[in-house]
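Have a look at the structure below, then the notes.
Computed from the coordinates by the stated procedures, all read-outs in this text should not be read as laboratory data. This one's a predicted model, so the numbers in the text were calculated from it and none came from an experiment. Cβ atoms come from the backbone with ideal geometry, glycine included; neighbour counts cover every protein chain shown.
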Amino acid sequence: GHGVTILQDDALVRQFRAQQTHIEMCPTSNVKTGAVRCIADHPIRRAFDLGLNVGVNTDDPGAFACSMNSEYQLLVDEFAFTADELDVLRRNALAARFTPILRVPVDSAD
């Protein structure tokens with residue numbers, strides 16, 4: 001869900017970029033849960049620069065003591081995201097929010 005290991009698989013990166021599959025990244029949560037060792041290791045900047053459809057989110061603001069404002073500020077401070085780049089992240093997330101979910105038909109004999 002958070003895409004923290006996607007850059008380890010070049011074929012997956014190519015597929016996600018070609019299909020513009022949205023990846024919701026949650027930097028503070030990913031550090032606090034140990035999904036990434038430290039914020040400098042977070043792949044959000046690299047994923048964005050590779051043209052992946054990335055958005056940012058808090059995951060669970062109560063549990064991780066963060067907000068959307070603090071997540072955006074973290075991206076500015078740690079990864080030098082510009083206001084225009086933050087706007088791309090925001091637009092990516094909003095567009096993904098309204099993407100219909102693919103439904104797989106279920107065989108009624110199961």
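Taking label points 7 Å from Cα along the Cα-to-Cβ direction, Asp49 and Asp84 give a separation of 1.7 nm. Mind jotting down the distance between the C-alpha centroids of region 1-34 and region 35-69, whole Å? The distance from the Cα centre of region 35-69 to that of region 1-34 comes to 9 Å. Scaling the Cα radius of gyration of region 22-78 by the globular reference 2.2 N^0.38 Å produces a ratio of 1.04. With the simple spin-label model, which puts each label point 7 Å out from Cα in the Cβ direction, the Thr33 to Gln19 separation comes to 2.1 nm. Evaluated with a Cβ-only charge set (Lys, Arg +1; Asp, Glu -1), the chain carries a dipole of roughly 120 debye about its Cα centre, given to the nearest 20.
Checking the a/c ratio against 1.5 first, then a/b against b/c, what shape does the Cα gyration tensor give for the chain? It is prolate, given that a/c is not under 1.5 and a/b is the larger ratio.
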